[in-house]
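Here is the structure we will look at, set down as structure tokens.
The values are calculated or read from the model by the stated rules, or taken from the named source; none is laboratory data. Predicted model, so just to flag it, every value in this text is computed and none were measured. Neighbour counts are summed over all protein chains in view; Cβ atoms, including those assigned to glycine, are modelled from backbone coordinates with ideal geometry. Protein only, heavy atoms only, side chains kept; ligands, DNA and RNA dropped before computing areas. Shrake-Rupley method; radii C 1.70, N 1.55, O 1.52, S 1.80 Å.
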Amino acid sequence: MDEPFQLEVACLPPHCPVTLRSTLCSEGNDLWESFSHYVSDERGRVNVSKDDSLGGSYIGCEPMGLLWSLRLAVGGRQNIRLRKKNMQTPLVVDISLFDGHTIDNFNTQTALAMTTMERWYMAPGVRRIEVRENGVVGTLFIPPGPGPFPALLDVWGLAGFMEHRAALLASRGYACLALAYINHPELQLGSGMGISYFQESWKLLQSVPQVSADRLGLLGSCFGAAIFILMASELPDISPQCLVAINSPSGFFKPGEGKYLEKMKRLLPEPKLDANGHLMTKDAILAVGIDLERSLQAGGIQCPVLLIVGEDDQCVPSLESAQKLEAQMRAVGKGHLVTKLSYPEAGHLIEPPYHPVMRSSSFILPGQTVTLLWGGVGKPHAAAQEDSWRRILEFLDKHL
Amino acid sequence: MSFFGECKRIYSEEMKTRISPKITAQPTRGLVDEKIYIRVSNLIPNEKITLRCLLLSEDNDFWHAYGLYISDDKGVVNVAEDVCLGGSYTGTEPNGLIWSLKPVPGSRPALRLRKHNVFTPFLLNISVHKGHINGDFKDASSLALTVIERWYISPGVSRVEISENYIHGTLFLPPGPGPFPGILDLWGGGGGLVEYRAALLASHGYASLALEYMSTQNTSINVNNIGIEYFEAAIHFLKSHPRVSSEQVGIFGLSFGTSVALNIAAKGNRISPRCLVCISGSHAVKINGTIGDVFTNLKEEGGKIMVDENNHFIWKELILPRLADPSKKVKVGNIKCPLLLIAGNDDQNWPTVDSARDMENMMKAAGNEHLLTTLIYPKTGHLIEPPYSPHTRFSNFISAFNQEKVVVLWGGQPKEHSFAQEDSWEKILHFLYHHLYSSSIGLSKL
């Protein structure tokens with residue numbers, strides 16, 4: 001899934017305008033599509049890795065544009081994130097070629113040609129093991145081979161449990177435990193597990209035979225990252241070799257004893273709505289930060305930290321949090337451990353590369369479904385996903 | 001019982017703290033003809049290691065290949081660039097771990113690796129072992145392991161079983177509306193329905209029909225009832241298929257299939273192929289009546305059947321005497337389409353090199369030699385398959401014609417034969433593209 005592809009069209013007439021269209025049918029049966037306009041060269045060829053798109057879902061030279069610019073097709077459900085639940089099957093993307101520069105009604109036209117591409121989260125040989133042990137709920141992905149492997153705990157934000165990044169990391173050589181801690185039917189506290197749960201998960205990962213117990217790291221997004229930062233900073237028995245935090249609201253939240261959704265509802269002032277009626281929670285979280293007791297002290301972290309920030313994050317004050325965390329660590333002489341990667345115009349949902357970019361989507365809160373504004377603008381956000389992933393893998397390789 | 005209880009292993013303290021070697025192989029999932037890139041890192045500098053590739057065939061035999069390497073100063077082995085010091089191949093051989101696959105010691109004899117189900121991949125386990133191991137991996141535990149998949153079919157290609165108008169075979173169609181150029185894919189005297197090459201050709205954009213013309217199971221395809229019209233019907237089927245471009249249909253043959261292709265092309269009637277790929281075959285096989293007659297006649301020329309020191313059959317001299325008799329040879333001077341002729345000069349099964357030379361002479365005399373391209377490869381045997389099929393110098397053979405079970409000598413040496421497969425396939429794809437795609441506008445290819 002994180003590998004780039006090459007796409008070439010041949011045997012066209014020279015200087016012929018064509019449209020390339022990619023479509024994907026998600027597990028939820030939604031149709032995603034993207035299209036772009038090209039003109040063949042004097043040899044009748046189009047090379048997506050080198051040529052410029054003249055219009056459509058993306059413009060300019062974008063080798064992977066047909067993936068990250070995928071959007072839900074008009075006429076179907078809207079505002080839903082692309083989520084793959086079954087890691088053992090691929091995402092199947094169909095790419096078709098049409099004559100001329102078309103923008104819609106593709107179904108009424110005959111394609112000139114077509115090809116199919118498979119995108120996988122799990123490499124051959126990676127093992128997927130469901131974990132239900134000592135109350136810990138998650139999925140462990142182990143690379144093929146005897147090991148022992150460096151390992152990672154992987155968590156997401158309040159959206160809940162997702163396996164795809166852990167599967168990818170295992171495909172890159174890390175034993176990775178995707179951990180559920182909120183909104184999961186098998187968890188004791190649906191609104192969020194407390195710190196002791198995470199401690200238990202850490203111990204569990206260490207005890208896996210194929211894991212090299214002294215080469216463990218923490219990788220988290222959003223709220224999950226905030227919890228990891230707390231763990232690394234304040235719990236002496238949790239000593240990761242490194243920590244990656246993506247768009248964490250860490251400067252403003254003390255995760256505490258669980259039940260996060262309930263607490264958030266109590267503590268946060270009413271978030272603002274943007275012009276489209278989408279919820280922007282960032283300022284509400286910023287407002288909470290004024291109360292120092294509630295904010296997270298990161299000075300206790302002993303390991304290298306990689307902070308990934310989308311500057312256009314409208315969900316959490318990611319940039320402010322990162323700055324705060326850096327300052328806290330500098331104050332105790334550990335500023336050299338922090339690497340901050342800040343991406344202008346990137347939003348909250350920094351996913352692995354080539355994931356479709358979504359500026360907002362629906363989100364299920366207890367009692368209601370809202371549309372959350374994540375932020376982020378197409379091309380820069382896609383570039384941020386690609387670059388941050390490369391940097392994450394380099395960082396993990398170096399420290400684990 | 002918890003999963004931890006199930007997979008408990010004992011690790012020494014030292015093993016747990018050492019950074020384990022890491023092996024990466026690309027592509028993790030690819031077509032069988034794609035090159036592989038294997039890299040091992042996190043080794044000790046200048047460390048002796050052995051790389052091993054292990055595969056379990058559909059017939060339940062283990063095949064393996066291995067190479068001895070020494071890591072560089074950074075503890076890295078890069079198979080595409082480094083020199084292999086021994087094993088099942090030597091030298092700088094990026095794809096050696098695949099093409100030098102052989103049955104593991106103790107296997108049944110005279111095996112050939114072939115894929116029956118094209119919808120599952122070959123799973124290759126590629127492992128790194130400490131030290132230089134010479135072939136016996138029974139007690140060798142690996143330092144690291146990765147798995148790659150090798151496919152004969154790419155995503156989107158569809159498989160259609162054909163048994164209508166008395167032709168019997170499997171059609172593979174590339175994804176998309178088409179129309180596509182078509183290929184009639186013909187194998188040799190082993191008979192049966194062999195699909196993998198047609199599936200691979202479809203993965204390269206050609207609607208390909210793997211045709212069965214000799215069967216021991218399917219009595220409707222009885223060689224005593226089939227003549228050249230059967231193959232012409234197959235071509236007609238392809239030409240009139242809604243997703244095939246009727247002006248762009250060629251024939252791809254190996255061994256006896258090559259003879260069929262030459263017979264059809266020389267006939268010069270409505271069924272005229274656009275181009276021919278002819279591997280390891282001969283024009284000295286004229287099809288006048290049924291295929292059954294042709295096979296019966298093969299032995300009646302006074303040509304020699306020989307065996308080597310292992311009692312493996314050498315059939316290459318069987319039809320050699322025919323080359324001197326014009327009435328026994330296809331009139332290749334009548335061929336009107338481009339012809340790519342491929343042969344190995346260590347072919348022990350058919351007299352392919354002598355036939356190739358003779359064909360050249362005949363076509364020169366007739367004035368159509370500009371249509372002919374000949375590729376003759378040294379130390380290469382009869383079974384010139386798509387890359388990176390393991391080279392088979394001899395194997396069990398059951399003739400579909402008379403069910404004789406023998407061991408046949410095909411010929412060739414692993415390194416040169418594997419090079420021939422890789423090189424000829426590249427040239428075949430170029431040839432097919434040039435004559436079936438780029439010579440006409442209106443067929444778009446993604």
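Here's the yes/no breakdown for (1) touching a helix residue (DSSP H, G or I) at 6+ places or on another chain (Cβ under 7 Å); (2) under 19 Å from B:LEU186 (Cα atoms):
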| residue | (1), (2) |
| --- | --- |
| B:LYS328 | yes, no |
| B:ILE335 | yes, yes |
| B:LEU340 | yes, yes |
| B:GLY344 | yes, yes |
| B:GLN348 | no, no |
| B:MET359 | yes, no |
| B:MET363 | yes, no |
| B:TYR377 | yes, no |
| B:LEU383 | no, yes |
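So B:LEU143 fits all but one of (1) within 14 Å of chain A (Cβ to nearest Cβ); (2) within 22 Å of the chain's Cα centre (by Cα); (3) buried (at least 20 other Cβ atoms within 10 Å of the Cβ); what number is the exception?
That leaves (2) as the condition not met.
Quick one: count up the residues across the stretch A:116-152 that are open to solvent by 30 Å² or more (accessible area, probe 1.4 Å), in a strand (DSSP E or B) and either touching a Lys or Arg at 6+ places or on another chain (Cβ under 9 Å) or more than 9 Å from chain B (Cβ to nearest Cβ) (or both).
3
Among the listed residues B:GLU317, B:GLU300, B:GLU309, identify the single one that is farther than 16 Å from B:ARG393 by Cα, over 26 Å from the mean Cα position of the chain (by Cα), open to solvent by 30 Å² or more (accessible area, probe 1.4 Å) and not basic (Lys, Arg).
B:GLU300
Looking at B:GLU360, B:GLU385, which one is away from chain A (no Cβ under 14 Å), touching an Asp or Glu at 6+ places or on another chain (Cβ under 9 Å) and at pLDDT 95 or above?
B:GLU360
Looking at this structure, is A:THR116 among the hydroxyl-bearing types (Ser, Thr, Tyr) and touching a residue at least 24 places away in the same chain (Cβ under 8 Å)?
yes
Being within 11 Å of chain B (Cβ to nearest Cβ) and either in contact (Cβ under 8 Å) with a residue 40 or more places away in the chain or in contact with a strand residue (DSSP E or B) (Cβ under 8 Å, 6 or more places away or on another chain) (or both) is the filter here; which residues of the stretch A:6-16 pass it?
First, the residues of the stretch A:6-16 that are within 11 Å of chain B (Cβ to nearest Cβ): A:7-14, A:16.
Listed by number, the residues that qualify are A:LEU7, A:GLU8, A:VAL9, A:ALA10, A:CYS11, A:LEU12, A:CYS16.
Return yes when A:VAL93 is part of a strand (DSSP E or B) and within 8 Å of another protein chain (Cβ to nearest Cβ) and no when it is not.
Working: part of a strand (DSSP E or B): yes; within 8 Å of another protein chain (Cβ to nearest Cβ): no.
In short, no.
Anything in the stretch B:377-434 that is polar (S, T, N, Q) and on the phi < 0 side of the Ramachandran plot? List them, or say none.
Matches in the stretch B:377-434: B:THR380, B:SER389, B:THR392, B:SER395, B:ASN396, B:SER399, B:ASN402, B:GLN413, B:SER418, B:GLN421, B:SER424.
Within the stretch A:17-46, take every residue that is farther than 30 Å from A:ALA166 by Cβ, part of a loop (DSSP other than H, G, I, E, B) and open to solvent by less than 20 Å² (accessible area, probe 1.4 Å) and give me the one that is nearest to the other protein chains (Cβ to nearest Cβ).
Quick first cut of the stretch A:17-46, residues farther than 30 Å from A:ALA166 by Cβ only: A:17-21, A:35-46.
With part of a loop (DSSP other than H, G, I, E, B) added as a condition, the list becomes A:40-45.
Right, trim to open to solvent by less than 20 Å² (accessible area, probe 1.4 Å) and you get A:40, A:44.
Working: A:SER40: 10, A:GLY44: 8 Å.
Out of the qualifying residues, it is A:GLY44.
Select from the stretch B:320-345 the residues that are β-branched (Val, Ile, Thr) and under 17 Å from B:ALA366 (Cβ atoms) and write down the one among them that is surrounded by the most Cβ atoms within 10 Å (Cβ to Cβ).
B:ILE335
Within 11 Å of another protein chain (Cβ to nearest Cβ), surrounded by fewer than 22 Cβ atoms within 10 Å (Cβ to Cβ), in a loop (DSSP other than H, G, I, E, B) and not basic (Lys, Arg), is that true of A:PRO185?
Numbers: within 11 Å of another protein chain (Cβ to nearest Cβ): no; surrounded by fewer than 22 Cβ atoms within 10 Å (Cβ to Cβ): yes; in a loop (DSSP other than H, G, I, E, B): yes; not basic (Lys, Arg): yes.
No, not satisfied.
Quick check on my filter: what residues within the stretch B:363-381 are open to solvent by less than 60 Å² (accessible area, probe 1.4 Å) and touching a Pro at 6+ places or on another chain (Cβ under 9 Å)?
Hits for the stretch B:363-381 are B:LEU371, B:LEU372.
For the stretch A:47-72, which positions are surrounded by fewer than 19 Cβ atoms within 10 Å (Cβ to Cβ) and either within 14 Å of chain B (Cβ to nearest Cβ) or part of a loop (DSSP other than H, G, I, E, B) (or both)?
Result: A:ASN47, A:SER49, A:LYS50, A:ASP52, A:LEU54, A:GLY55, A:ILE59, A:CYS61, A:PRO63.
Yes or no: the stretch A:159-179 includes at least one residue that is over 21 Å from the mean Cα position of the chain (by Cα), over 26 Å from A:ALA322 (Cβ atoms) and not in a loop (DSSP other than H, G, I, E, B).
The first filter runs over the stretch A:159-179 and keeps only residues over 21 Å from the mean Cα position of the chain (by Cα), leaving none.
So far as the stretch A:159-179 goes, no, none of its residues is over 21 Å from the mean Cα position of the chain (by Cα), over 26 Å from A:ALA322 (Cβ atoms) and not in a loop (DSSP other than H, G, I, E, B).
Those residues that are surrounded by fewer than 18 Cβ atoms within 10 Å (Cβ to Cβ) and either of a type outside the set (A, V, I, L, M) or part of a loop (DSSP other than H, G, I, E, B) (or both), I need them from the stretch B:48-66; list them, please.
B:LYS48, B:GLU58, B:ASP59, B:ASN60, B:ASP61, B:PHE62
So, B:PRO181, is that one open to solvent by less than 30 Å² (accessible area, probe 1.4 Å), without any contact (Cβ under 8 Å) to a residue 24 or more places away in the chain, in contact with a strand residue (DSSP E or B) (Cβ under 8 Å, 6 or more places away or on another chain) and not hydrophobic (A, V, I, L, M, F, W, C) or not?
Against the criterion (open to solvent by less than 30 Å² (accessible area, probe 1.4 Å), without any contact (Cβ under 8 Å) to a residue 24 or more places away in the chain, in contact with a strand residue (DSSP E or B) (Cβ under 8 Å, 6 or more places away or on another chain) and not hydrophobic (A, V, I, L, M, F, W, C)), B:PRO181 does not qualify.
May I ask you to verify whether B:THR28 is within 13 Å of chain A (Cβ to nearest Cβ), open to solvent by 30 Å² or more (accessible area, probe 1.4 Å) and closer than 22 Å to B:ILE153 by Cβ?
yes
Please find, among B:TYR69, B:TYR37, the residue that is within 14 Å of chain A (Cβ to nearest Cβ) and either closer than 18 Å to B:GLY91 by Cα or open to solvent by 30 Å² or more (accessible area, probe 1.4 Å) (or both). It would help to see each step written out before you state the result.
Details: B:TYR69 fails: within 14 Å of chain A (Cβ to nearest Cβ).
Answer to the check: B:TYR37.
I'd like to verify a number: residues in the stretch A:350-374 that are in contact with a helix residue (DSSP H, G or I) (Cβ under 8 Å, 6 or more places away or on another chain) and surrounded by 16 or more Cβ atoms within 10 Å (Cβ to Cβ), how many? Before you say what the answer is, go through the steps one by one.
Filtering the stretch A:350-374 down to residues in contact with a helix residue (DSSP H, G or I) (Cβ under 8 Å, 6 or more places away or on another chain) leaves A:350-357, A:365-366.
Still in the list and also surrounded by 16 or more Cβ atoms within 10 Å (Cβ to Cβ): A:350-357.
Selection size over the stretch A:350-374: 8.
Within 14 Å of chain A (Cβ to nearest Cβ), open to solvent by less than 40 Å² (accessible area, probe 1.4 Å) and in contact with a helix residue (DSSP H, G or I) (Cβ under 7 Å, 6 or more places away or on another chain): does that describe B:SER127?
On the way: within 14 Å of chain A (Cβ to nearest Cβ): yes; open to solvent by less than 40 Å² (accessible area, probe 1.4 Å): yes; in contact with a helix residue (DSSP H, G or I) (Cβ under 7 Å, 6 or more places away or on another chain): no.
In short, no.
Here are some residues: B:LYS102, B:LYS130. Which one is in contact with a strand residue (DSSP E or B) (Cβ under 7 Å, 6 or more places away or on another chain), closer than 16 Å to B:TYR69 by Cα and of a type in the set (D, E, K, R)?
Numbers: B:LYS102 fails: closer than 16 Å to B:TYR69 by Cα.
Sole residue among the options that is in contact with a strand residue (DSSP E or B) (Cβ under 7 Å, 6 or more places away or on another chain), closer than 16 Å to B:TYR69 by Cα and of a type in the set (D, E, K, R): B:LYS130.
Restricting to the stretch B:382-405, and then to whatever is open to solvent by 20 Å² or more (accessible area, probe 1.4 Å) and of a type in the set (A, V, I, L, M, F, W, C), can you tell me which residue is farthest from B:ILE226 (Cα to Cα)?
Per the criteria, the residue is B:PHE394.
Of the numbered conditions (1) open to solvent by 50 Å² or more (accessible area, probe 1.4 Å); (2) among the β-branched types (Val, Ile, Thr); (3) more than 12 Å from chain B (Cβ to nearest Cβ), A:VAL155 fails exactly one; give the number of that condition.
(1) is the only condition that A:VAL155 fails.
I'd like to verify a number: residues in the stretch A:365-379 that are at pLDDT 80 or above and outside any loop (DSSP other than H, G, I, E, B), how many?
Selection size over the stretch A:365-379: 7.
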